[in-house]
Amino acid sequence: MANHVEMFINKEKSNINMGGKKVLIATLYSPEPVLLASNRLGPDRLVLLIDKEPNKEQEKALKVINDSLGRIIDVKAVKTDVYDIVEVTRKCVEIIDLQPKDDWISINITSGRKTKAIGLLFAAYARHDRVRKIAYNPEENKNSVVYLPKLSFKLTESQKKLLEAVANPKYAKLSLVELAEKIDTSRAMLYRNIDELRDMDLISTEDGLKLTDAGKIARL
């Protein structure tokens with residue numbers, strides 16, 4: 001396996017001319033999807049998301065990947081939360097932001113828990129301008145690849161300002177009139193943004209203005 005991987009990676013490096021390095025960020029539980037994705041991409045750097053307290057299966061998978069790829073490329077494991085999607089997304093955004101601007105970033109969400117995969121997917125949406133590909137390998141045919149669309153939170157500047165204000169506890173008790181003044185917008189624009197952000201499920205209005213989990217992610 002190691003020799004095959006090494007040959008593939010060397011071949012990829014010679015065929016693709018890019019200023020930066022190729023980076024693969026992937027969820028991990030079983031090693032096969034990550035090895036397959038690495039074979040296809042030929043990354044220079046591999047970042048694997050594992051649980052804060054990885055079980056034996058995950059530790060075994062990490063060892064297999066380190067033994068197969070660790071002497072060829074830079075392999076790094078990053079521990080994240082398991083079920084808190086907002087925290088997983090925040091950590092993944094940090095990982096993406098740490099990569100040099102010229103790097104070619106790919107995402108693979110095949111392996112690992114679904115909540116962790118969703119968090120990584122949301123991070124790719126939050127940093128859609130940095131991520132080149134989002135891939136998934138179907139369980140029915142693990143040799144095939146499904147490339148997911150790169151979506152994004154397309155917010156206006158006034159919508160972003162409103163999200164920031166809602167997240168700020170100092171503004172929690174302000175009336176809408178006072179809030180409009182604080183963020184320097186008209187009341188009509190404020191009401192419009194509230195309606196639109198609520199329709200996008202980024203804020204809730206049932207008990208005052210509050211960010212939803214999606215709203216927290218959109219701010220990252």
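Name the single residue, out of those in region 45-59 being in a helix (DSSP H, G or I) and free of Cβ contacts under 8 Å to residues at least 24 places away in the same chain, that is farthest from the chain's Cα centre (by Cα). I'd like the intermediate steps shown before the answer.
Narrowing region 45-59 to residues in a helix (DSSP H, G or I): 56-59.
Then keep just the ones that are free of Cβ contacts under 8 Å to residues at least 24 places away in the same chain; that gives 56, 59.
Numbers: LYS56: 25, GLU59: 22 Å.
In this case the residue turns out to be LYS56.
Just one of the listed residues (GLU164, GLU94) is of a type in the set (Asp, Glu) and not assigned by TED's automatic domain parsing to the domain that holds LEU35, namely GLU164. Within region 107-121, the set of residues being of a type in the set (Gly, Ala, Ser) and more than 8 Å from the chain's Cα centre (by Cα) comprises SER111, GLY112, ALA117. Could you give me the residue pairs with C-beta distances under 8 Å whose first residue belongs to region 32-44 and is among the charged types (D, E, K, R), whose second residue is surrounded by fewer than 19 Cβ atoms within 10 Å (Cβ to Cβ) and assigned to a helix (DSSP H, G or I) wherever it lies, and which are 6+ apart or on separate chains? Correct list of pairs: ASP44/LYS13. Would region 114-128 turn up any residue that is assigned by TED's automatic domain parsing to the domain that holds GLU87, within 15 Å of TYR29 (Cα to Cα), at pLDDT 90 or above and not in a helix (DSSP H, G or I)? No: region 114-128 contains no residue that is assigned by TED's automatic domain parsing to the domain that holds GLU87, within 15 Å of TYR29 (Cα to Cα), at pLDDT 90 or above and not in a helix (DSSP H, G or I). Taken over region 92-121, residues that are closer than 18 Å to GLU53 by Cα and surrounded by fewer than 20 Cβ atoms within 10 Å (Cβ to Cβ) amount to 3.
Anything in region 180-220 that is in a loop (DSSP other than H, G, I, E, B) and touching a residue at least 60 places away in the same chain (Cβ under 8 Å)? List them, or say none. Break it down into steps so the answer makes sense when it comes.
Taking region 180-220 and keeping what is in a loop (DSSP other than H, G, I, E, B), we get 183-186, 200-202, 205, 207, 209, 212, 219-220.
If the condition is that a residue be in a loop (DSSP other than H, G, I, E, B) and touching a residue at least 60 places away in the same chain (Cβ under 8 Å), then LEU220 is the only one that fits.
Would you be able to say whether some residue in region 166-179 is free of Cβ contacts under 8 Å to residues at least 24 places away in the same chain and under 23 Å from the mean Cα position of the chain (by Cα)? No, region 166-179 contains no residue that is free of Cβ contacts under 8 Å to residues at least 24 places away in the same chain and under 23 Å from the mean Cα position of the chain (by Cα). Can you pull out the residues in region 15-31 that are over 17 Å from ALA77 (Cβ atoms) and either at pLDDT 90 or above or out of contact with any strand residue (DSSP E or B) (no Cβ under 8 Å at 6 or more places or on another chain) (or both)? Within region 15-31, ASN15, ASN17, GLY19, LYS21, LYS22 meet the criteria. Selection over region 196-211 of residues that are under 16 Å from SER175 (Cα atoms) and either among the basic types (Lys, Arg) or more than 24 Å from the chain's Cα centre (by Cα) (or both) gives a count of 6. Scanning region 166-213 for residues that are surrounded by 12 or more Cβ atoms within 10 Å (Cβ to Cβ) and among the small types (Gly, Ala, Ser), we see that the one that is nearest to ALA126 (Cα to Cα) is ALA167. For region 136-169, the set of residues classified as closer than 27 Å to GLY215 by Cβ and among the aliphatic types (A, V, I, L, M) consists of LEU148, LEU151, LEU155, LEU162, LEU163, ALA165, VAL166, ALA167, listed by residue number.
Is it the case that ALA124 is of a type outside the set (Phe, Trp, Tyr) and without any contact (Cβ under 8 Å) to a residue 12 or more places away in the chain? Let's see the steps before the verdict.
Numbers: of a type outside the set (Phe, Trp, Tyr): yes; without any contact (Cβ under 8 Å) to a residue 12 or more places away in the chain: no.
Considered against the rule, which asks whether it is of a type outside the set (Phe, Trp, Tyr) and without any contact (Cβ under 8 Å) to a residue 12 or more places away in the chain, ALA124 comes out as no.
The values are calculated or read from the model by the stated rules, or taken from the named source; none is laboratory data. Computed from a prediction, not measured in an experiment: that's the story for all the values here. Methodologically, a virtual Cβ is constructed for each residue, glycine included, from the backbone with ideal geometry; neighbour enumeration extends over all protein chains shown.
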